[in-house]
Amino acid sequence: MRLRTFLPGLVFLATLIAIGYAVESGMLGGVLSEDWIDREVRGKGMSGELLYVAVAAFATAVAIPRHIISFLGGYAFGLGMGTALALLATEIGCALTFYYARLIGRPLVSARFGARVQRIDDFLAANPFSMTLLIRLLPVGNNFATSLAAGVSRVPARLFLLGSLLGYIPQTLVFALAGSGIETGAGVRVGLAVLLFFMSAAIGIWLYRKYRHGKTLGDEVDAALDEQSKA
């Protein structure tokens, strides 16, 4: 067999290994930090905004939690601009992961995340937009793995990405609000962010239970949501 037959899978595997090494070694920690924001982003105008979006989008695409992105966006730019830029970066990162899986890594992702892909496919099949929105509203789950699994599923890209964008808004706003209150010591903002997080989490859990129609994202997700409800 020709090497090019295996090349997409090999490239995808090498990328995952590189991502895992970068995350485990803390290579991104020096970039995604308040010190980096103060040094390279704040007060830099449009160049700082573009740098933040580029780095944050890449970080989201390689599995850095989107809550960190949102918090730093609020810290760097304040609530309004921070929410907007963090949302943009998170959506770009989601799209990068989704299309990378769909165009290059389909065989490897299907083999590695076969059960998750099937669950995502089943969960999204009837109403891709509304069910994607529901997934993104949940306070638990793996943003990176969900985007990977959706990339190799049958879900239409446009509906998945639009549902993700709208579903990201509540928690992006909450964590940007928390970040915007850190430097000024605005305890009210931080307290409000905590309250809004629990409210959005409760709404997400309620919607999941009401509209999933017997489908599930897995035993781990269901157990985690049960724990959230009891907390």
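Cβ-Cβ contacts under 6 Å between residues 6 or more apart (or on different chains), taken from a first residue in the range 89-108 that is within 11 Å of V152 (Cβ to Cβ) and in contact (Cβ under 8 Å) with a residue 40 or more places away in the chain to a second residue that is buried (at least 20 other Cβ atoms within 10 Å of the Cβ) and of a type in the set (V, I, T), are listed as A101/V109; A101/V152; R106/V152.
Restricting the first member to the range 146-165 and to residues that are closer than 14 Å to N127 by Cα and free of Cβ contacts under 8 Å to residues at least 40 places away in the same chain, and the second to residues that are of a type in the set (S, T, N, Q) and part of a helix (DSSP H, G or I), the beta-carbon pairs closer than 6 Å and six or more apart or on different chains are G163/T132. Looking across the range 182-197 at every residue that is in contact with a Phe, Trp or Tyr (Cβ under 9 Å, 6 or more places away or on another chain) and within 18 Å of E34 (Cβ to Cβ), the one that is modelled with the lowest pLDDT is identified as E183.
Determine whether L103 is surrounded by fewer than 17 Cβ atoms within 10 Å (Cβ to Cβ), over 14 Å from G179 (Cα atoms) and among the hydrophobic types (A, V, I, L, M, F, W, C). For L103, the condition - surrounded by fewer than 17 Cβ atoms within 10 Å (Cβ to Cβ), over 14 Å from G179 (Cα atoms) and among the hydrophobic types (A, V, I, L, M, F, W, C) - is met. The condition (being of a type in the set (S, T, N, Q), more than 15 Å from G74 (Cα to Cα) and modelled with pLDDT of 90 or more) is satisfied by just one residue among S200, S164: S164.
Can you list residue pairs whose Cβ atoms sit under 6 Å apart, with the first residue in the range 52-71 being over 14 Å from F175 (Cα atoms) and the second being buried (at least 20 other Cβ atoms within 10 Å of the Cβ) and of a type in the set (S, T, N, Q)? Count only pairs 6 or more apart in sequence or on different chains. From residues that are over 14 Å from F175 (Cα atoms), the pairs are T60/T90; A61/T97. When you go through (1) part of a helix (DSSP H, G or I); (2) modelled with pLDDT under 60 one by one for T216, which number turns out not to apply? Result: T216 passes all but (1).
Only one of the listed residues (L134, L165) is under 18 Å from G204 (Cβ atoms), of a type outside the set (V, I, T) and touching an Asp or Glu at 6+ places or on another chain (Cβ under 7 Å). That residue is L165.
Within the range 140-158, can you find the residues that are assigned to a helix (DSSP H, G or I) and crowded, with 18+ Cβ neighbours inside 10 Å? If the condition is that a residue be assigned to a helix (DSSP H, G or I) and crowded, with 18+ Cβ neighbours inside 10 Å, then N143, F144, T146, S147, L148, A149, A150, G151 are the ones that fit.
The values are calculated or read from the model by the stated rules, or taken from the named source; none is laboratory data. Bear in mind the structure is a predicted one, so any value in this text is a computation, not a measurement. All Cβ positions, even for glycine, are placed from backbone atoms using ideal geometry, and neighbour counts span all protein chains on display.
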